[in-house]
Structures are given as structure tokens and as C-alpha cells.
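Undergrad: Sharing a structure, written as C-alpha cells. Questions coming.
The values are calculated or read from the model by the stated rules, or taken from the named source; none is laboratory data. Keep in mind that what you see is a predicted model, and the values were worked out from it rather than measured. Please note: Cβ atoms are built from the backbone with ideal geometry, for glycine as well, and neighbour counts cover all protein chains shown. These area figures cover heavy atoms from the full protein model, side chains too; ligands, DNA and RNA do not enter into them. Shrake-Rupley method; radii C 1.70, N 1.55, O 1.52, S 1.80 Å.
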Amino acid sequence: MKEFFESIPHVKYEGTSTANPMAFRYYNPDEEICGKKMRDHLRFAMAYWHTLCAGGSDMFGVNTSDKSFGSSDPMTSAKNKAHAAFEFMDKLSIDYFCFHDRDVAPEGKTLEESNRNLDEVTDLIKDLMAEYNKKCLWGTANCFNNPRYMHGAGTSPNADVFAFAAAQIKKAIETTVKLGGNGYVYWGGREGYETLLNTNMALELDNMGYLLKITSEYGRKIGFTGDYYIEPKPKEPTKHQYDFDASTVCGFLAKYGLDKDFKLNIEANHATLAGHTFAHELNVARVNNAFGSIDANVGDMLLGWDTDQFPTNVYDSTLCMLEVLRAGGFTNGGLNFDAKARRGSFTYEDLAYSHISGMDSFALGLRIADKVIRDGRLDEFVANRYASYNSGIGKRIADGVATIEELEEYALKMGDVTTNTSGRQEYLENILNSIMFG
Ligand code: XUL
Ligand code: CO
């Protein structure tokens, strides 16, 4: 097969002294950090839709980057794209990929034709996975692009659309199983609404719960043993997306009895759109036993939409990796670069530079997060801050045995609280800086 990315070399770790922009300065895949190789901590994945498909178009202009990979015939282009995908992952030392059904093979005129296209291209992808030793982090169905999904998929007011979405998801799960996917993601593409004037929210939510139930149960029946994830997002494309944020999704999962079989895929840009930090959303997932996987990207604080930029903010990657380490690391999840180079960064070299910058930022974040944990001062501070729950009345509260009468008697005897101590936020921020920058 012809080489597609001739200007991209095999990118290697060269350490911090290198000035080579086609090298890693922090990501050394086989180096061990707290007992595990960096590649196993980070489990980097390439997002097929951005890296192989997105051409830089926006509301004001057409593509700036050619992603047809040498053919205008959709099936030939899809097969060339598969070869290009594995060449790219190989050159960048990316071990995993994530895909939507419609990223890898073109949609046909009927569902049957679409399924046939998917089978044909994924036969090739399966061979390429074996040849290049690459794995599938997760698969998903694109139930938002086609006009049939204009009012949603599982939350469409039209039952025919619900049926079509169910059939499409069934096939996407089968395809994920075929490729040995570690996970399957549900992102509620257009599952939300624009106006209550035309919306039956109760029915839409019940239908969405039912769609997740029957499709996820089907996956288990055909031998899918990986994780199911919901990916929260508060808005865009709809004004009110039902999967608003991690907390909302945890409540939804519990209501529809799905909490035992679903975790969360947290995306940084979606967190900030919901008015949260990335670390907050990861923490909510962790404390609800729903920490699963991550879409690593970043938005622009001055823009109110999903810009899907490559993440280069090392504070964010450090706080993210702290959450990952505290969750005990990834099991089936990983760091998927749901990110695209800017429209003006239109060359193949930019594809490499953007992945290198994202991978190095998270590798550095992992190195610093490990130092923060080994340093111990932040953990020690937090443990001491809650020490009043380790004995006496606090322990009785934490154990859930303190009665309301007992608490009243305790408060009356106290007269007033005189034991509050400083939260020391600035002191702690300075500790973090000193660990990061020496
Ligand atoms: C959209 C988004 C999706 C999901 C997969 O904002 O993040 O790409 O990650 O459908
Ligand atoms: Co995403």
C-alpha cells in the first residue's frame, strides 16, 4: 500500500532537551511510572472521525484539508482511509482508535447497504489491527448526521426513527464486538429538545432509557464484555441535551436501572460547556463508581461551543491524571483525542504536531500527578481537613448512627462552633505550582 503521510516520520521519545518537533519530550511509552508503563496508564486513542474524516469545514467555509485519501469513490476512499489510519497510529505510537459506524464506511441508500459497506471495510480494519498490533478502545453509532435524525434518535417523536436508530445501534455494537472493542459509547447526538411547546419530555426520556436498555442487553447477549459509556454534554446540537452533565446522567442511569452496566465517558470540552471543570466531572464520575473513559480535548474559554481543540494545558492534564490515578487507573477506558487541528492548520504535519502536543501534555500531566501523590501534602491536608469525622460525634455521623436528638444535645452543649480551620486554598495552589515547576 502506498504511504499516505510521507512527511511524517516514526515519532520517538527524545526527552526534554530535544528541539525536534516530530519527537516526544515527555511520552516515553515503555517507561514505568508507579508500577505501570506510560502507554498502559494513558491508553491513547485516535478519533477516526476527526483525524481521518474532518476536513476543516465550518459554517462559513468548505474544507481546507483533503481527507479523500486518493479516491472520489466512497468505498475506495474508505479503504484507503483505513490504511492511512493505521499508518498514522503506527507512526505516532497510538495504540487504540475510536470510531463511529459512519466514519469508517459510507452510508448506503438503505440500512442493508450501509451494513454491507460496514462489513466490507471492517473486514479490512480487522486485518490491519492484527498487522499493526492496534486495538479498538470503543465504537459508537452516528445517529445524528443523517436528516432522518432531525428530531433526535431514541427521543424522536417519530417511532419509525426510534426503530431505525435501534437497528443501527444493534449493528454498531455487533461491529464493535467484531473488532474486539473495549467499550461502546452512547453520545446523545440530538437527544434533547429546542422548545417545550412541541415536546413530551417524559415520553422522550422513557424512550431513551428503553433504547439504552434493549441495545445494551443485546450487546451482552452477543458476548460484549467491555464497558458501556454515556458521554454527557449539556448543549449543541440541541439547546437542552438530556445528558447534561455527569450528575444528570448518573441520576438518569439510576432511574432507568442502567447504573450497574453503564459508566461515563467524560469529555473536557463538554464539562466546560456545562459550567464545570474537567476534573469536577471526572470526580463526579469517580465518586459514583462510574469512572470509565475520557475524551481528551479542550474548548476555548471565550467561545460557547464545542471547539474540540487538542489539549495542551498542563494544569488540566495534571488534575485529570490525578483523578485517573485516584480512580485506580483505566480498566477498559483510555484517553481518546476527540480533537481536531484548527481549520488553518490544514497539513498532514499539523495532524502529527497536534497529536504530539496532546500526548506530551498528558504524559507530562501523568508525571506531575504521580509526583503530587508521592509528595503527599495535598492528600494529607484533605485527610486532616475531615479528621473531625474520625472520632467522637463526627464518627457517629459518618457511621450513620447519630440521632437527631443526640446532635441537638451536642449543639446545645457547644453553645457555638469554635473549631473551624482555614481551607488554605492559596497555600495548596502554591504547593501544586512548586511541584509542577520546582
Ligand atoms: C460530540 C462528541 C462525539 C462523541 C462520539 O460532541 O464528542 O464525537 O464523542 O459520538
Ligand atoms: Co466526544
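Undergrad: Give me a count of the residues in the stretch 21-71 that are without any contact (Cβ under 8 Å) to a residue 40 or more places away in the chain, within 22 Å of the chain's Cα centre (by Cα) and under 21 Å from Glu349 (Cα atoms).
TA: 1
Undergrad: Which of the residues that make up the stretch 2-37 are touching a Leu at 6+ places or on another chain (Cβ under 8 Å) and at pLDDT below 95?
TA: If the condition is that a residue be touching a Leu at 6+ places or on another chain (Cβ under 8 Å) and at pLDDT below 95, then Cys34 is the only one that fits.
Undergrad: Can you say whether Thr272 is of a type in the set (Val, Ile, Thr), within 16 Å of ligand 2 (Cβ to nearest atom) and in a helix (DSSP H, G or I), as far as the supplied structure shows?
TA: Working: of a type in the set (Val, Ile, Thr): yes; within 16 Å of ligand 2 (Cβ to nearest atom): yes; in a helix (DSSP H, G or I): yes.
It is true that Thr272 is of a type in the set (Val, Ile, Thr), within 16 Å of ligand 2 (Cβ to nearest atom) and in a helix (DSSP H, G or I).
Undergrad: Inside the stretch 334-348, can you point out the residues that are open to solvent by less than 40 Å² (accessible area, probe 1.4 Å) and among the aromatic types (Phe, Trp, Tyr)? Outline the logic, then answer.
TA: Our first condition is that a residue be open to solvent by less than 40 Å² (accessible area, probe 1.4 Å); within the stretch 334-348, this holds for 334-339, 341.
Scanning the stretch 334-348 gives a single hit, Phe337.
Undergrad: Filter the stretch 303-330 down to residues that are outside any helix (DSSP H, G or I) and open to solvent by less than 40 Å² (accessible area, probe 1.4 Å) and give me whichever is farthest from ligand 2 (Cβ to nearest atom).
TA: The selected residue is Gly329.
Undergrad: Let me ask you something else. Can you name the condition, by its number, that Leu52 falls short on among (1) over 18 Å from Asp308 (Cβ atoms); (2) in contact with a helix residue (DSSP H, G or I) (Cβ under 9 Å, 6 or more places away or on another chain)?
TA: So Leu52 meets the others, but not (1).
Undergrad: If you go through the stretch 59-75, how many residues are more than 20 Å from Arg342 (Cβ to Cβ) and touching a helix residue (DSSP H, G or I) at 6+ places or on another chain (Cβ under 9 Å)?
TA: Adding up the residues that qualify gives 6.
Undergrad: Select from the stretch 60-113 the residues that are surrounded by 17 or more Cβ atoms within 10 Å (Cβ to Cβ) and assigned to a strand (DSSP E or B) and write down the one among them that is nearest to ligand 1 (Cβ to nearest atom).
TA: Residue satisfying both the conditions and the ranking: His100.
Undergrad: Just a yes or no: is a residue in the stretch 354-370 open to solvent by 90 Å² or more (accessible area, probe 1.4 Å) and out of contact with any strand residue (DSSP E or B) (no Cβ under 7 Å at 6 or more places or on another chain)?
TA: Scanning the stretch 354-370, I find no residue that is open to solvent by 90 Å² or more (accessible area, probe 1.4 Å) and out of contact with any strand residue (DSSP E or B) (no Cβ under 7 Å at 6 or more places or on another chain), so the answer is no.
Here's the yes/no breakdown for (1) at pLDDT below 95; (2) surrounded by fewer than 23 Cβ atoms within 10 Å (Cβ to Cβ):
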position	(1), (2)
Gly183	no, no
Gly188	yes, no
Thr199	no, yes
Glu217	no, yes
Ile222	no, yes
Leu258	no, yes
His270	no, no
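Undergrad: Would you confirm whether any residue within the stretch 246-263 is within 16 Å of ligand 1 (Cβ to nearest atom), more than 22 Å from Ser156 (Cα to Cα) and not in a helix (DSSP H, G or I)?
TA: Yes - at least one qualifying residue is present in the stretch 246-263.
Undergrad: Kindly provide the set of residues from the stretch 278-302 that are more than 14 Å from ligand 2 (Cβ to nearest atom), open to solvent by less than 70 Å² (accessible area, probe 1.4 Å) and either farther than 25 Å from Tyr186 by Cα or of a type in the set (Phe, Trp, Tyr) (or both), ordered by number.
TA: Phe291
Undergrad: Still on this structure, please answer the following. Scanning for something in contact (Cβ under 8 Å) with a residue 60 or more places away in the chain and either closer than 22 Å to Gly15 by Cβ or aliphatic (A, V, I, L, M) (or both), does the stretch 405-413 turn up at least one residue?
TA: For the stretch 405-413, residues in contact (Cβ under 8 Å) with a residue 60 or more places away in the chain and either closer than 22 Å to Gly15 by Cβ or aliphatic (A, V, I, L, M) (or both): absent.
Undergrad: I've got another one for you. Let me confirm something: among Lys170, Lys178, Lys135, which residue is surrounded by 15 or more Cβ atoms within 10 Å (Cβ to Cβ) and farther than 23 Å from Glu112 by Cα?
TA: Lys135
Undergrad: Turning to a different aspect of this structure: Of all residues in the stretch 117-138, which are touching a Gly at 6+ places or on another chain (Cβ under 7 Å) and either under 22 Å from Gly334 (Cβ atoms) or not polar (S, T, N, Q) (or both)?
TA: Residues satisfying the conditions are Lys135, Cys136, Leu137, Trp138.
Undergrad: Here's another thing I want to ask about it. For the stretch 138-158, which positions are farther than 16 Å from Thr199 by Cβ, over 22 Å from the mean Cα position of the chain (by Cα) and open to solvent by 60 Å² or more (accessible area, probe 1.4 Å)?
TA: Scanning the stretch 138-158 gives Pro147, Arg148.
Undergrad: Sticking with this one: Can you find a residue that is under 30 Å from Met129 (Cβ atoms) and within 16 Å of ligand 1 (Cβ to nearest atom) anywhere in the stretch 189-200?
TA: Yes, the stretch 189-200 contains at least one residue that is under 30 Å from Met129 (Cβ atoms) and within 16 Å of ligand 1 (Cβ to nearest atom).
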